[in-house]
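Colleague: Have a look at this one before I ask anything.
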Amino acid sequence: MTVTRRAAMRSLVTAVAGITTGAGVYGYAVERHRVRVTRVSLPVSGLPRAFAGFRVGFLTDVHFGPFFSQEDVACVVDTIVAERPDLVALGGDYVNWGDRAAIGPCAEALGALRAPHGVYAVLGNHDDERATAAALRRQKIEVLRDERTRLLSGGETLELAGLRYWTRRVADIAPVLRGVATPVLLVAHDPRRLAEAAALDVAAVLAGHTHGGQVVLPGVGAIAARKFPVAAGLASRENTWMFVSRGVGTVVLPCRLGCPPEVALVTLERRGTL
């Protein structure tokens, strides 16, 4: 039987549509729920010996709402607590589009986080700065808005700093770091802050915001994250190393493909100055 070109094209379009629909259903129903623990070592120049092996539980981009419930948040919190990190860092975007009704329930679920050196947070572009900060602080989570704090271990110190999403220029970040005499671990929602961190000789950065691209296509990659230094994982610039997490939530489309959600256990390791 002869197959006409029109019939062949119709079959191709039908097949592509079926594959696309199937992938979308899988990304919505399955992959976005498969939260993984990513274990990664982050090189830190000048890291004091007492902090070698220091473990940071890193959770970002929750996007609490219709597609990521309080039970979902509780599940990832339990996952982090079970890893027994030395410190927990939260990377921002706790809700969607500043949804005030979601802030309280999300913060309440995050309030179960515990770590010997504390739980610290920065805010993302989706977060209402006043309401979200207040809700997190009610849960004993310290919010760093262009601020830093000093961590102590074995008589040695490490500076932990956190940036507002809108603090972007070197001239605006420099005052946050003024007077530091020890390495700085910087938490910044946006991984594009790698450039400014490198210019200021920040040792290490934790970031999120990208969702790892959320949809990663074979042979194409993470189209939605091409404007960032890296969509997910490790990156470096000059003497600064950065880890970017895929996060756990979704935005715009409640779907993940080739990009499963993650919580990260980041282990700090010593490295010499380049």
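The values are calculated or read from the model by the stated rules, or taken from the named source; none is laboratory data. Every value quoted in this text rests on a predicted model; they were computed, and no experiment measured them. Ideal geometry is used to build each Cβ from the backbone, glycine not excepted, and the neighbour counts take in all protein chains shown.
Colleague: Need at least 3 residues that are of a type in the set (Phe, Trp, Tyr), at negative phi and in contact with a Pro (Cβ under 6 Å, 6 or more places away or on another chain) per element, so show me which strands (runs of 3 or more DSSP E) inside the stretch 125-207 make the cut, counting only ones lying wholly within it. Before you say what the answer is, go through the steps one by one.
Modeller: On the way: elements: 147-153, 156-162, 184-187, 204-207.
Fully inside the stretch 125-207 and qualifying: nothing.
Colleague: Let me ask something else about it. State yes or no: is Gly249 over 14 Å from Leu59 (Cα atoms) and buried (at least 21 other Cβ atoms within 10 Å of the Cβ)?
Modeller: Judged against the criteria, Gly249 is not a match.
Colleague: Among the numbered criteria (1) part of a loop (DSSP other than H, G, I, E, B); (2) out of contact with any Lys or Arg (no Cβ under 7 Å at 6 or more places or on another chain); (3) within 16 Å of Pro191 (Cβ to Cβ), which single criterion is violated by Val252?
Modeller: With (1) part of a loop (DSSP other than H, G, I, E, B); (2) out of contact with any Lys or Arg (no Cβ under 7 Å at 6 or more places or on another chain); (3) within 16 Å of Pro191 (Cβ to Cβ) applied to Val252, the lone miss is (3).
Colleague: Out of everything in the stretch 71-103 that is out of contact with any Phe, Trp or Tyr (no Cβ under 7 Å at 6 or more places or on another chain) and of a type in the set (Asp, Glu), what residue ends up being nearest to Arg145 (Cα to Cα)?
Modeller: Ranking the candidates gives Asp93 first.
Colleague: If you don't mind, there's one more thing I want to ask. So is Glu142 among the charged types (D, E, K, R), out of contact with any strand residue (DSSP E or B) (no Cβ under 8 Å at 6 or more places or on another chain) and touching a residue at least 24 places away in the same chain (Cβ under 8 Å) or not?
Modeller: Values: among the charged types (D, E, K, R): yes; out of contact with any strand residue (DSSP E or B) (no Cβ under 8 Å at 6 or more places or on another chain): no; touching a residue at least 24 places away in the same chain (Cβ under 8 Å): yes.
So Glu142 fails the test.
Colleague: Look through the stretch 233-247, keep the residues that are assigned to a loop (DSSP other than H, G, I, E, B) and over 10 Å from Gln214 (Cα atoms), and return whichever of them is nearest to the chain's Cα centre (by Cα).
Modeller: The extreme case among them is Ser245.
Colleague: So, restricting to strands (runs of 3 or more DSSP E) that lie completely within the stretch 1-116, which ones have at least 1 residues that are in contact with a Pro (Cβ under 9 Å, 6 or more places away or on another chain), of a type in the set (Val, Ile, Thr) and at pLDDT 95 or above?
Modeller: Per the criteria, 36-45, 55-59.
Colleague: A further question follows. Considering only residues of the stretch 239-256 that are among the aliphatic types (A, V, I, L, M) and at pLDDT 95 or above, which is farthest from Glu196 (Cα to Cα)? Lay out the reasoning, then the answer.
Modeller: Residues of the stretch 239-256 that are among the aliphatic types (A, V, I, L, M), as a first pass: 242, 244, 248, 251-253.
Those still in the list that are at pLDDT 95 or above too: 242, 244, 248.
Values: Met242: 12, Val244: 16, Val248: 26 Å.
Step by step, filter the stretch 239-256, then rank; the result is Val248.
Colleague: For Val77, indicate whether it is buried (at least 24 other Cβ atoms within 10 Å of the Cβ), among the aliphatic types (A, V, I, L, M) and within 19 Å of the chain's Cα centre (by Cα).
Modeller: no
Colleague: Residues in the stretch 141-174 that are of a type in the set (S, T, N, Q) and either buried (at least 21 other Cβ atoms within 10 Å of the Cβ) or touching a Lys or Arg at 6+ places or on another chain (Cβ under 6 Å) (or both): how many?
Modeller: 1
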